[in-house]
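Colleague: Have a look at the structure that comes next, please.
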């Protein structure tokens with residue numbers, strides 16, 4: 001009886017240790033947008049299947065900051081240059097379907113929301129959107145985007161709360177399918193976090 005109890009305790013201990021490793025987000029994970037819902041969140045919540053590692057780590061899309069002058073490379077913007085999350089860069093989901101979209105209205109105020117698992121000192125949040133007539137048949141590149149952010153939210157080196165919302169006007173004059181690229185720039189590291197959200201104007 002005593003041996004069985006010790007074995008059960010050991011199994012529970014290993015399971016708990018495993019859960020702690022998983023919940024740490026692999027190494028350093030930290031934040032993503034869920035309004036409008038981002039590609040990584042769609043993978044995490046099961047709306048898009050077969051996404052690979054990103055389904056466990058929607059908060060970990062971290063890459064070099066400085067976008068658009070530097071930062072994530074063309075064709076790898078949505079994954080922030082992270083090959084583990086390459087599924088996010090494809091214009092189609094892993095099943096070959098279009099990414100689900102959120103309906104938005106140009107010229108109207110929209111509330112963007114971030115969820116954080118680590119609250120880093122923050123320079124700002126910037127939002128970019130694809131141009132009219134952008135090429136929807138390849139991985140997203142700078143040539144597809146209006147490289148002037150339509151919304152910038154300065155944050156002065158502060159740390160955000162676990163959930164942060166802010167509002168701003170969406171660009172007018174767009175219709176159909178577009179991609180919004182949200183970039184959370186960290187103040188005290190060389191990195192930023194990227195989130196791509198598919199929308200329909």
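Only the coordinates and a few stated rules stand behind these numbers; no lab work does. Computed from a predicted structure; not experimentally measured. Because the Cβ atoms are built from the backbone with ideal geometry, glycine has one as well, and the counts that use them run over all protein chains shown.
Colleague: Taking the range 40-60, which residues are in contact with a strand residue (DSSP E or B) (Cβ under 9 Å, 6 or more places away or on another chain), more than 15 Å from residue 90 (Cα to Cα) and in contact (Cβ under 8 Å) with a residue 12 or more places away in the chain?
Modeller: Of everything in the range 40-60, those that are in contact with a strand residue (DSSP E or B) (Cβ under 9 Å, 6 or more places away or on another chain), more than 15 Å from residue 90 (Cα to Cα) and in contact (Cβ under 8 Å) with a residue 12 or more places away in the chain turn out to be 41, 44, 47, 58, 59, 60.
Colleague: Of everything in the range 82-105 that's within 17 Å of residue 141 (Cα to Cα) and more than 15 Å from the chain's Cα centre (by Cα), which residue is surrounded by the most Cβ atoms within 10 Å (Cβ to Cβ)?
Modeller: So, considering only residues that are within 17 Å of residue 141 (Cα to Cα) and more than 15 Å from the chain's Cα centre (by Cα), the one surrounded by the most Cβ atoms within 10 Å (Cβ to Cβ) is 91.
Colleague: Okay, moving on. Take residue 186 and decide whether it is farther than 13 Å from residue 127 by Cβ, touching a strand residue (DSSP E or B) at 6+ places or on another chain (Cβ under 9 Å) and surrounded by 11 or more Cβ atoms within 10 Å (Cβ to Cβ).
Modeller: Values: farther than 13 Å from residue 127 by Cβ: yes; touching a strand residue (DSSP E or B) at 6+ places or on another chain (Cβ under 9 Å): yes; surrounded by 11 or more Cβ atoms within 10 Å (Cβ to Cβ): yes.
Against the criterion (farther than 13 Å from residue 127 by Cβ, touching a strand residue (DSSP E or B) at 6+ places or on another chain (Cβ under 9 Å) and surrounded by 11 or more Cβ atoms within 10 Å (Cβ to Cβ)), residue 186 qualifies.
Colleague: Still on this structure, please answer the following. So residue 130 fits all but one of (1) under 18 Å from residue 69 (Cα atoms); (2) out of contact with any helix residue (DSSP H, G or I) (no Cβ under 7 Å at 6 or more places or on another chain); what number is the exception?
Modeller: With respect to (1) under 18 Å from residue 69 (Cα atoms); (2) out of contact with any helix residue (DSSP H, G or I) (no Cβ under 7 Å at 6 or more places or on another chain), residue 130 is out only on (2).
Colleague: As an exercise: evaluate residue 75 against (1) touching a helix residue (DSSP H, G or I) at 6+ places or on another chain (Cβ under 9 Å); (2) surrounded by 17 or more Cβ atoms within 10 Å (Cβ to Cβ); (3) on the phi > 0 side of the Ramachandran plot and give the number of the one condition it does not meet.
Modeller: If we test residue 75 against (1) touching a helix residue (DSSP H, G or I) at 6+ places or on another chain (Cβ under 9 Å); (2) surrounded by 17 or more Cβ atoms within 10 Å (Cβ to Cβ); (3) on the phi > 0 side of the Ramachandran plot, just (2) comes out false.
Colleague: Go through the residues of the range 108-121 one by one and say whether even a single one is within 24 Å of residue 165 (Cβ to Cβ), in a loop (DSSP other than H, G, I, E, B) and touching a helix residue (DSSP H, G or I) at 6+ places or on another chain (Cβ under 6 Å).
Modeller: yes
Colleague: Out of 140, 145, 170, 151, I need the residue that is in contact (Cβ under 8 Å) with a residue 12 or more places away in the chain and either farther than 25 Å from residue 75 by Cβ or surrounded by fewer than 14 Cβ atoms within 10 Å (Cβ to Cβ) (or both). Which one?
Modeller: 170
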